[in-house]
1. Can you find a residue that is part of a strand (DSSP E or B) and modelled with pLDDT of 95 or more anywhere in region 36-51?
2. Out of 201, 241, I need the residue that is among the charged types (D, E, K, R) and out of contact with any Ser or Thr (no Cβ under 7 Å at 6 or more places or on another chain). Which one?
3. Exactly one condition in (1) open to solvent by less than 20 Å² (accessible area, probe 1.4 Å); (2) polar (S, T, N, Q); (3) farther than 19 Å from residue 123 by Cβ is not met by residue 262; state its number.
4. Inside region 130-144, can you point out the residues that are assigned to a helix (DSSP H, G or I) and either open to solvent by 10 Å² or more (accessible area, probe 1.4 Å) or of a type outside the set (Gly, Ala, Ser) (or both)?
5. Restricting attention to region 105-120, and to residues there that are closer than 25 Å to residue 236 by Cβ and of a type outside the set (A, V, I, L, M, F, W, C), which single residue is surrounded by the most Cβ atoms within 10 Å (Cβ to Cβ)?
6. Out of everything in region 241-263 that is in a loop (DSSP other than H, G, I, E, B) and aliphatic (A, V, I, L, M), what residue ends up being modelled with the lowest pLDDT?
7. Kindly indicate which of 123, 164 is out of contact with any helix residue (DSSP H, G or I) (no Cβ under 6 Å at 6 or more places or on another chain) and either open to solvent by 30 Å² or more (accessible area, probe 1.4 Å) or in the same structural domain as residue 27 (by TED's automatic domain parsing) (or both).
8. Report those helices (runs of 4 or more DSSP H) wholly inside region 167-240 carrying at least 2 residues which are closer than 30 Å to residue 103 by Cβ.
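The values are calculated or read from the model by the stated rules, or taken from the named source; none is laboratory data. Quantities reported herein were computed from a predicted structural model and do not represent experimental measurements. Cβ sites come from the backbone with ideal geometry, for glycine too, and all protein chains shown count toward neighbours. Remember, those area values only see protein heavy atoms, side chains included, never the ligands or the DNA or RNA. Shrake-Rupley method; radii C 1.70, N 1.55, O 1.52, S 1.80 Å.
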Amino acid sequence: MDSNLKTGFIGLGAMGWPMALNLHKAKLLAAAYNRTHAKAVALAKETGCLAAKDILELAKHCGAVVLCVTADQDVLQVMDALAATLKPESLVIDCSTVSAATAREAAARLSKRKIDFLDCPVSGGTEGAKHGTLAMMCGGNEKAFQRAQPILNALGKRIVLMGSVGAGQATKAVNQIAVAGIAQAITEALAFAEAEDLPLDKVIDVVGSGAAGSWFMTHRGPTIAQGRYPLGFKVTLHDKDLGIVQQMAAARGAQLPVVEMTRVHYRRLLQAGHGDEDISALFRLKRQLFKH
Ligand code: NAP
């Protein structure tokens, strides 16, 4: 293994675990660190990588690090630990979804030690993470992007450099607005179909084959039809992402109706204890519209 590409993975959650496994398959995974250490130990058992006790131990064994943690403050916390421990000229690739401003702050903290940074938020859900088919929207310089290719190719299928640091996260914000609208439309449409006593499996088949066909209809339609909302993409996480979008839009003096409405709906789901379900749980609210 090229020692510069010996990769450490931080954050073995719903996305990070299968992504780390794909790095292992590409013979790039050297070490893993997870806040809850038991997960790193389990991955080490499966792959033979080092289960690092802390970020210092991970950094000693890696020339590159991929992270996929929850939110802005988590990324900055990890970044401070990496800035203090990684060798100069190392490469950090952040696949978490955070604001463009956080990406720029992360890059600034690392650049003091001459460590390269790419923001690389992903889309494609846990299925995309498992199959190595994620769409990856990257921000950073061309040199870092080229250097990261073996790592990115192990994780994703469509990998695009969108511009300088932060441009990846701005593109992901675009994605999250579209996902909100699609989830709203499909769950509302299927609740209407149910109220009309239509067979949902046939609706998903025929409507999904026409102009309303979408990833969400194909992948989430069948479980929605069974009244199940397995992960997927947690309501809490999409709500966090839409909060980022709201801030970015507000900075430009805009309020986005789909985003505002979806956050109201997510608040209701959260209050009812459904925050850890997939966003297709919006169907719960749409169904209620027909129960008078
Ligand atoms: P998740 O299952 O909740 O996993 C989060 C991971 O981050 C866990 O391993 C957690 O450690 C770790 N973590 C959180 N805060 C940390 C901190 N301060 N320091 C160290 N580790 C920390 O979330 P996920 O679904 O994998 O999502 C991860 C990121 O990808 C999020 O930004 C999300 O918005 C984005 N994303 C998710 C999806 C999706 O479909 N799920 C799709 C695209 C993008 P513990 O094990 O100790 O909790």
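1. Yes, the conditions are met somewhere in region 36-51.
2. 201
3. (3)
4. 130, 131, 142, 143
5. Among those that are closer than 25 Å to residue 236 by Cβ and of a type outside the set (A, V, I, L, M, F, W, C), it is 119.
6. In this case the residue turns out to be 251.
7. Unique residue meeting the criteria: 164.
8. Ranges flagged: 167-195, 215-225.
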